[in-house]
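Have a look at the structure below, then the notes.
Read-outs: derived from the displayed coordinates by stated rules, not from any lab. Note that the structure is predicted; figures quoted are calculated from it, not measured. Cβ: placed from backbone, ideal geometry, glycine included. Neighbour counts: every protein chain shown.
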Amino acid sequence: MNGVVSQDYAAFLDAKGQLDGNFGFDPIEIPSFLKDFQASLVTWAIQKGRAALFEDCGMGKTVQMLVWADNVNRHTNRPVLILTPLAVSHQTAREARKFGIDASLSLDGVVKPGINITNYERLHYFDPTDFAGVVCDESSILKSFDGTRKSEITTFMRKTKYRLLLTATAAPNEYIEMGTSSEALGYLGYMDMLSRFFKNNQNNSINPLVYRQRGRSFKVLDEGAKWVFKGHAEEPFWRWVCSWARAIRKPSDLGFDDTEFALPPLTENHHLIRSEALPDGMLFSMPAIGLAEQRAERKRTITDRCEFASSLVANTGRSASVWCQLNEEGDLLEKMISDAIQVSGRDDDETKEKKFLDFIDGNARVLIIKPRIGAWGLNFQHCAHMVTFASHSFEQYYQSVRRFWRFGQVNPVTVDVVASEGEKQILENLQRKAQSADVMFARLVDHMNDALNVERRRNFTKQMETPKWL
C-alpha cells in the first residue's frame with residue numbers, strides 16, 4: 001500500500017469537468033486574406049470540429065464560416081450546408097465569390113458539390129446525411145422560430161459530424177441560452193447544463209411545462225424563474241463554455257490589434273412625441289403602466305408617431321430604414337413615405353428576399369421593416385440612418401442598429417428612437433438594458449479569457465503521481 005500509481009491528471013480533470021476534446025482536424029488551408037484574429041478563430045474551430053463563435057457584428061463571421069466550410073469540404077470531399085436568415089444567403093454567396101471560395105445557392109433541396117447555402121426556412125428540403133458539416137449563421141435567430149422549427153434545426157445539426165454556430169451575443173446576461181447552442185453542437189444538453197451549473201430563484205426545478213431532449217421528456221421551470229449560478233459553479237461554467245466556444249467584441253479581446261476595427265461615431269436621438277389625441281377622460285397624457293396600458297398607448301398614438309418618423313427620413317435623398325412593431329405602423333409609414341418599400345409578414349420568402357436586395361443594391365431608398373423579420377444577419381453598411389419605435393426588446397434594438405453600425409461602415413450613423421410621452425418608461429427601460437448589456441458583454445469576455453488562461457495552465461503534459469489510496 002506504500003506504492004504510487006501514475007495518472008494523467010489532465011485527463012482526470014477533463015472527465016470531471018465535462019471538457020470534451022477536439023473532434024476536428026488540422027486546417028488544410030488558412031487563406032492569407034483572413035485577418036490574424038480571424039485566422040486564429042477559424043483554425044481553432046476547424047480543430048475543434050464542433051464549435052461556436054460569438055463575435056460582434058462586422059468582425060467578418062461570413063468569411064470565417066466560408067473558410068471553415070471549405071476546409072471541411074476539402075477534408076471529407078463531401079458537401080457542407082450553410083444555413084442563413086432570409087436574404088442573407090445571397091450576401092453569403094456574394095462574399096464567397098469575392099474571396100474566390102466555391103459556394104452555391106441551393107433553395108430547392110438540390111445538393112451541389114462543395115458548399116451549399118440556403119435559408120433556415122428551406123431546411124426541410126434537405127437531408128442531413130448528404131452533408132459532412134453544417135453551419136448555422138446568426139444562430140441566435142433560433143429564438144425567433146417556433147419550437148417545431150427550432151427542434152428541426154437542432155435535430156438536423158446533430159446528424160452531421162462537423163458543426164459551427166456563429167452569432168453576435170446581444171444579450172450575454174442570458175447565460176442559460178448557452179445550453180441551446182451546446183445541445184446543437186452535441187455537448188451538454190440544455191437541461192443537463194442547468195442542473196450542473198445553475199439553480200433557480202424558486203428553489204425548485206420543475207413545473208407542468210415539458211421540455212423534450214433527445215426523445216426524453218423533462219419538466220422545466222416556468223419562464224418567470226431566474227436562473228443563477230450555484231455556489232462556486234461560475235468558473236467551471238466558463239471553463240466548460242470556452243471548451244467549445246469563443247466570444248469577442250474586438251480583436252484585442254484575443255490579444256490582437258484593433259487598428260482596422262474602429263467604429264465610426266454613433267449618434268442616438270430620443271424623441272418624445274406629444275399626441276394630439278388624449279386618452280379617454282384625461283386632461284393630459286400619463287405614463288403607461290404595465291403591458292396592457294403600453295399596448296393601448298402604442299395604438300392610440302400610432303398616427304402621431306408615424307408622422308414624426310416619416311418626417312425624419314422623407315425627402316432627405318439619403319438611404320434610411322424605419323423599424324416598426326405593428327402591421328398598422330408599417331402600412332401607415334409606407335403610405336407616408338413615397339419612395340419606401342415595406343417588408344412584411346404578408347410577403348412570401350421570395351418577395352422578402354427581392355425587397356431586401358433592392359434596398360441593399362440602392363434600388364429602394366427607404367426600407368420599412370419589423371426587427372423580427374430583418375434584424376439578423378443582413379448587412380446595410382450602405383445606409384447610415386435608422387428610425388425605430390421604442391420597445392422593451394434590447395436584443396432586437398441592438399441587432400437593428402448593428403445592421404448599419406458595424407465594422408466596415410465608413411459614415412457616422414444616426415439612430416432616432418421615437419416614443420410617445422406615455423411610452424417614456426419603455427424608453428428608460430431600453431436605456432437601462434443597453435447599459436446592462438454592455439457591462440455584461442464585457443464580463444462575458446473577461447470570464448472567457450480567465451477560463452482560457454486556466455485552460456492553458458491546465459494543458460500540461462507532465463505525468464502526475466498520486467498516492468494509490470487517492
Expected unfolding gain across Asp450-Thr267 under the 0.36 nm per residue rule, minus the alpha-carbon gap, is 62.5 nm
Karplus ³J(HN,Hα) for region 113-120 (6.51 cos²θ - 1.76 cosθ + 1.60, θ = phi - 60°; Hz, whole; x = Gly/Pro) runs x, x, 9, 10, 10, 8, 9, 3
Asp127 and Thr259 label points (each 7 Å along its Cα→Cβ direction) are spaced in nm at 5.2
Pseudo-spin-label distance Phe33 to Leu357, built 7 Å along Cα→Cβ, given in nm, is 2.0
Checked region 399-444 with the C-alpha gyration tensor, a ≥ b ≥ c its square-rooted eigenvalues, rounded below a/c of 1.5, otherwise prolate if a/b is larger than b/c and oblate if not; verdict oblate
In whole percent, the Cα-Cα distances of region 266-432 spread across 5 Å bins from 0 upward as 1, 9, 18, 22, 21, 14, 8, 4, 1, 0, 0
So, with points 7 Å from each Cα along the Cβ direction, the Ser311-Gln47 label distance in nm works out to 5.9
Output ordering of 28-40, 297-309, 394-406 (per-residue mean of other Cβ within 10 Å, highest first) is 394-406, 297-309, 28-40
The extension gain from Glu421 to Lys335, computed as 0.36 nm times the residue separation minus the Cα-Cα distance, is 28.5 nm
One finds, for Thr76 and Glu235 with R0 = 56 angstrom and r their Cβ-Cβ distance, a FRET efficiency to the nearest 0.05 of 0.95
With a Förster distance of 41 angstrom and the Cβ-Cβ distance between Val410 and Thr155, calculated FRET efficiency to the nearest 0.05 equals 0.45
